[in-house]
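The values are calculated or read from the model by the stated rules, or taken from the named source; none is laboratory data. Because the structure is a prediction, the values reported are computed rather than measured. Cβ placement follows ideal geometry from the backbone for every residue including glycine, while neighbour counts extend to all protein chains displayed. The area values use the complete protein model at the heavy-atom level, side chains included, leaving out ligands, DNA and RNA. Shrake-Rupley method; radii C 1.70, N 1.55, O 1.52, S 1.80 Å.
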Amino acid sequence: MQELFAVSLQSPAEELETLEFNKAFAPLFGDANIHRSDDDKSVNLHLNHYTGSGFKSSDLYNHGFFSAKIKLPSTYTAGIVVAFYTTNGDVFEKTHDELDFEFLGNIKGKAWRFQTNLYGNGSTSRGREERYTLWFDPCREFHRYSILWTPDKIIFYIDDVPIREIIHNEGMGGDYPSKPMSLYATIWDASDWATSGGKYKVNYKYAPFVAEFTDLTLHGCSVDPLEEFTTPRCNENDVTSTLANVTPKQRMAMTKFRQRYMYYSYCYDTLRYPIALPECVIDPLLRVQFKDTGRLKFGGKRRSYSQRRSKIARDGEQGRRNGPRASHARQWRTSGQVQARRIQVARYTNGIYDIYQ
């Protein structure tokens, strides 16, 4: 894993069973753009002039481990978002929970970036975003991305490296995801905000854009969210307890990753959150590296607080008038598309993205 993570770590997903698509997943939207392998263990999601595409797990899970090996589109990918996430927005539209990996495309010659996020009980006005770069090229080969969700903690992994850990704090209240969720994967046109705040759009001259998924893993207790009925003989503590242990070597690797590759964190964004949210654990070394906007200190002229807030307000108003819901209405017609897009519109119109583009 290059010199940064030279120590050999045990991936939490290596010993888990991988699933065939038709046994655990179903198309979400853009069926014609979903291409499955002959053995049904891999699936490619395409984005073209007409639509993106996506799939979701057939069941909802009351906590669990969700994982896949993913290879992202290459060349010019500005405006594209590839998402790998859990949510229950189709069941609890106004009080949904969510855990995200969102990969943000870029112009030719510039690397992909990505963000992680979580929401509980519809708390989209209190986003908990972190943004990062990668130590490898995600277009050249597959890498495993995993989400562990237990009643006590949430861990995001890349391969065998835990890159983010959220410990359940009572102060979070309903903001900690607590209701059963399904696993989703999508590729879609997010020209309005994904690259430099919408400056660079999707260029369909390079279409189709293809995100590849393989070795899909769902390790958890399936549940009926309305009846709160868990699969018989399934103990969620047995399912997730061993996966929740972070070894000293893994913790060291996580610290190195966050020091070198994280370039935004809401915990250090004192303009957005003058008082850090309750789960934030402030690292003194990272505190020195970040501005009051939560971004790394790169030098150069800084805008005043009032200037930033004015731009956020203008962009938010523009998003409400001309944002994703208007410009891509034709592309997002099915219930699955609307559900996935509704969440992104809510975030965009809150003016969040401008702060840390």
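Quick look at the numbers
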read-out	value
Residue count for the range 236-255, restricted to those that are at pLDDT 65 or above and either more than 26 Å from the chain's Cα centre (by Cα) or β-branched (Val, Ile, Thr) (or both)	5
Residue in the range 137-144 that is among the charged types (D, E, K, R) and either buried (at least 21 other Cβ atoms within 10 Å of the Cβ) or within 13 Å of the chain's Cα centre (by Cα) (or both) present	no
Strands (runs of 3 or more DSSP E) wholly inside the range 26-144 that include at least 2 residues being under 27 Å from Leu243 (Cβ atoms), in contact (Cβ under 8 Å) with a residue 60 or more places away in the chain and touching a His at 6+ places or on another chain (Cβ under 7 Å)	60-71
Residue in the range 23-46 that is within 30 Å of Ser178 (Cβ to Cβ), of a type in the set (A, V, I, L, M) and surrounded by fewer than 16 Cβ atoms within 10 Å (Cβ to Cβ) present	yes
Verdict on Glu165 being over 26 Å from Glu93 (Cα atoms), touching a residue at least 12 places away in the same chain (Cβ under 8 Å), open to solvent by 20 Å² or more (accessible area, probe 1.4 Å) and under 15 Å from the mean Cα position of the chain (by Cα)	yes
Qualifying residues in the range 256-310 (those that are among the charged types (D, E, K, R), under 23 Å from Tyr157 (Cβ atoms) and crowded, with 16+ Cβ neighbours inside 10 Å) - the one modelled with the lowest pLDDT	Asp283
So Ser67, is it crowded, with 23+ Cβ neighbours inside 10 Å, under 20 Å from Met254 (Cα atoms) and in contact with a strand residue (DSSP E or B) (Cβ under 9 Å, 6 or more places away or on another chain)	yes
Condition met for Ala194 (small (Gly, Ala, Ser), in contact with a strand residue (DSSP E or B) (Cβ under 9 Å, 6 or more places away or on another chain) and under 25 Å from Leu47 (Cβ atoms))	yes
Breaking point among (1) open to solvent by 50 Å² or more (accessible area, probe 1.4 Å); (2) on the phi > 0 side of the Ramachandran plot; (3) modelled with pLDDT of 95 or more, for Asp215	(1)
Residue that is modelled with the highest pLDDT, among those in the range 162-212 that are assigned to a loop (DSSP other than H, G, I, E, B) and of a type in the set (Val, Ile, Thr)	Val202
Inter-residue pairs, beta-carbon under 9 Å, first of a type in the set (Lys, Arg) and in the range 189-200, second open to solvent by 10 Å² or more (accessible area, probe 1.4 Å), 6+ apart	Lys199/Gln357
